[in-house]
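None of the figures in this text is laboratory data; all of them are computed from the coordinates on show. Not measured: the values here are computed from a predicted model. All Cβ positions, even for glycine, are placed from backbone atoms using ideal geometry, and neighbour counts span all protein chains on display.
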Amino acid sequence: MEGIFAIWQRDLTKFFRDRARLIGSFSMPILFLLIFGGGMSGSMETMMAGNMPDGAESFNYVEFVFPGIVAMTLLMTSIFSAMSVIEDKDFGYMKEILVSPISRVSIAIGKMLGAATIATIQGILLFFLIPFLGISYSIMALIQVIPFMFLLGCALSGLGLLFASVIRSTQGFQLTVQILVMPMIFLSGALFPVSNMPAWMDVIVKINPVTYGVDVMKKLMIEVDNIPAAVSEAMGLNITVLGREVTMFAEVLFIAGFAAVLVLFATFSFQRANA
Amino acid sequence: MDPVISVKDLTKKYKQTEAVKAINFEVEEGEIFGFLGPNGAGKSTTINMICTMLKPTSGSIMINGYDAKKEKDKVRASIGIIFQENTLDEKLTANENLMLHCRFYGVPKDKRQERIGEVLEIVDLVDERKQRVETFSGGMKRRLEIARGLLHYPKVLFLDEPTVGLDPQTRAHLWEYILKLKEKAGITMFLTTHYLDEAEISDRVAIMDQGEIIALDSPTSLKDQLGGDMIELSTEDNDQALREIEEKVEGADVSVEGDTIHLKVESSDAFISSFIKTLEIPITRLNIRKPTLNDVFLAFTGRKIGDAKE
């Protein structure tokens, strides 16, 4: 336990000390909020209004896209924080960790929790933009979504750890992640509804773990029960896999399982590592 | 007393090569054990296996009574390692680095501050405790790493090229600290170094070459095995001098390196005065010395330690 906590705390201390990283990691979500929230909301809402004569006035695109952008921030921050494993190897510190008696599973969990915590903090910081975007969520909804953000952060950090164990250089990591992260965001329903996609793309949407993360985020933040079924349908909030509608409980379970499997992978890679 | 490190038939095979070939040795408690060899001799592979960082192909390693293959955690807790390269977190302070180490090694909470103070005292870094490591000089970083390696009171401290990349003055200082440590803590040290003069402080030295241990003894006995003194001389015409030496000195052990002739004799005192008289070629430079570990190394491996294998 002590080992997990030590590894977690180290990554956090380093995060708060690195001002450039703190500020830099904000630029992307703000850019997306500006472009998608500000620039696209008009046309998206007109498009929606064309699709459904009734209830269209209750569709607010910014409200729809905000949880998606928070999820996107979680994805990027988690994965890039997992890159600390590669940095630790490059700067030699990983040796200090690996020759110590800490169990390998503690190293994996410590690294995962560290990255997930950093990601969750970044996500929560985005909440402070809500008043300036002309949208509102209930305080309860925001409080409820935070534990889930952390869970999603764990799963996505696990993904980052998996990449970090395969890719040896930071440059390679950044390139690979950029190639993978963008489709994961675009095909997750974070920025636009992913209903009515071509079949092959639909398959990618359904196997993309971010899809379920984004969906839970949206269900928790946007009070789904209060919006007309047609709007909910158009926003792509009713995901079906093999003809069955996916419940939120199943989605949370899937993400938790995803995190657990990845922590095992990471443990295995630390076991084999010779630093 | 049981040896603190006991290595039996340790072998590491890679696809093409056999890096370590069934080596055997023991390290006694409290001794400084020097581990020498040219680049590519298999030193690092051996150390990595002893430190549980690399899986041996076959053979056994016991450290502090624990099996390095099966009881990795106990072995890891029993050893401290100072790696060749810097493994400090430079973004953190000295104190933070040491505190993390305490937590990794499960040093009891109430003992941590006290122990950190204690090890910083040994390496003279008490005043720098709250500074970030990135502001430290190379020598200070090394000292901090040594302090860190001692925090959990290891049975054996591994020092892998501890002075590499440091200036001669800092190197000399560092050795003072290491010797002080031996006196104070009576800790067993396993040392590798490229600077053979530094290995002289070892109680025993193992020389490794091409995956095998080719010599293992105290530095004094190893030097005695070479026998006699080394005479180094340069003359106006070395080729002529060589012919003369071979003619006049019976069973001469001569070698040439650059413009220097090396001559090994049993006792230089009796030999030298008559030798100088017999040599017709004028001598331009003459040096008589006792053999060093460098000579031992040269004699055993046929090359100097700096010459890479490849």
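Compute the angle between helix A:41-51 and the longest alpha-carbon principal axis of chain A, please, reported from 0 to 90 degrees and rounded to the nearest 10. Roughly 50 degrees, rounded to the nearest 10. A crude spin-label estimate for the pair residue B:200 and residue B:257, with each label 7 Å from Cα along the Cβ direction, gives 1.6 nm.
At q = 0.17, 0.23, 0.25 Å⁻¹ the log10 of I(q)/I(0) for segment A:105-194 amounts to -0.91, -1.26, -1.30, computed by Debye summation with a single uniform scatterer per C-alpha, solvent ignored. Based on alpha carbons, the Rg and Dmax found for segment B:228-290 are 10.4, 27 Å. Express the Stokes-Einstein translational diffusion coefficient of segment B:5-218 in µm² s⁻¹, to the nearest whole number, given a Kirkwood radius over alpha-carbon pairs, 37 °C and a viscosity of 0.692 mPa s. In µm²/s, the coefficient rounds to 185. Take each residue of peptide B:50-57, count the partner chain Cβ atoms within 10 Å of its Cβ, and average: the result is 2.
Label separation (residue A:179 vs residue A:140): 4.7 nm, computed from points 7 Å beyond Cα along the C-beta direction. Running a GNM on chain B with Cα contacts under 10 Å, which residue among B:183, B:198, B:145 ends up with the highest mean-square fluctuation? Between B:183, B:198, B:145, it is B:183 that shows the largest mean-square fluctuation.
Taking a threshold of 27 Å on the Cα-Cα distance, which of the pairs B:70/B:130; B:69/B:184; A:95/B:74; B:15/B:69 fall above it? Over 27 Å Cα-Cα: B:70/B:130; B:69/B:184.
A simple count of charges around residue B:163, restricted to other residues whose Cβ falls under 9 Å of its Cβ and scoring Lys, Arg +1 and Asp, Glu -1, yields 0. Taking a straight Cα-Cα cut-off under 18 Å and skipping sequence neighbours fewer than 8 places away in the same chain, the aspartates and glutamates within cross-link reach of residue B:21 are B:9, B:209, B:212. Counting Cβ atoms of other protein chains within 10 Å of each Cβ in A:95-107 and taking the mean gives 6. FRET efficiency for residue A:197 and residue A:17, Cβ-Cβ distance as r, R0 = 56 Å, nearest 0.05? Using R0 = 56 Å, I get an efficiency of 0.85. Taking a ≥ b ≥ c as the square roots of the eigenvalues of the alpha-carbon gyration tensor, segment B:107-195 is classed oblate because a/c is 1.5 or more while a/b is no larger than b/c. What do you get for the angle between helix A:139-166 and the principal long axis of chain A? Use alpha-carbon atoms, 0 to 90 degrees, nearest ten. Between the helix axis and the principal axis of chain A, the angle is about 50 degrees. Between the amide H of residue B:161 and those of B:192, B:193, distances stay under 5 Å, these residues lying 5 or more places away or on another chain, with hydrogens modeled in the peptide plane.
Calculate, for residue A:171 and residue B:85, the FRET efficiency according to 1/(1 + (r/R0)^6) with r their C-beta to C-beta distance and R0 30 Å; round to the nearest 0.05. About 0.90, to the nearest 0.05.
Magnitude of the charge dipole for segment B:177-260, about its Cα centre and with charges confined to Cβ atoms of Lys, Arg (+1) and Asp, Glu (-1), is about 900 debye. Remark: the Cα gyration tensor places segment A:159-275 in the prolate category, a/c being 1.5 or greater and a/b exceeding b/c.
With viscosity set to 1.002 mPa s at 20 °C, what whole-number translational diffusion coefficient in µm²/s follows for the protein assembly as shown from Stokes-Einstein and a Kirkwood radius over Cα pairs? Once the numbers are plugged in, D ends up at 76 µm²/s. Only alpha carbons enter this Debye calculation for segment A:76-124, each as an equal point scatterer, and the log10 of I(q)/I(0) it gives at q = 0.32 Å⁻¹ is -1.14. Helix-only mean residue ellipticity at 222 nm, chain A, DSSP H runs n ≥ 4 weighted -39,500 (n - 2.57), per residue, nearest 500. What is it? Here the helix-only value at 222 nm equals -23500 deg cm²/dmol. The angle between the Cα long axis of helix A:170-186 and the longest principal axis of the Cα atoms of chain A comes to about 20 degrees, rounded to the nearest 10. So, R0 is 22 Å and r is the distance between the beta-carbons of residue B:217 and residue B:179; what FRET efficiency does that work out to, to 0.05? After rounding, the FRET efficiency stands at 0.55.
Taking the helices alone, chain B has a mean residue ellipticity at 222 nm of -10500 deg cm²/dmol, built from -39,500 (n - 2.57) per DSSP H run of at least 4 residues and averaged over all its residues.
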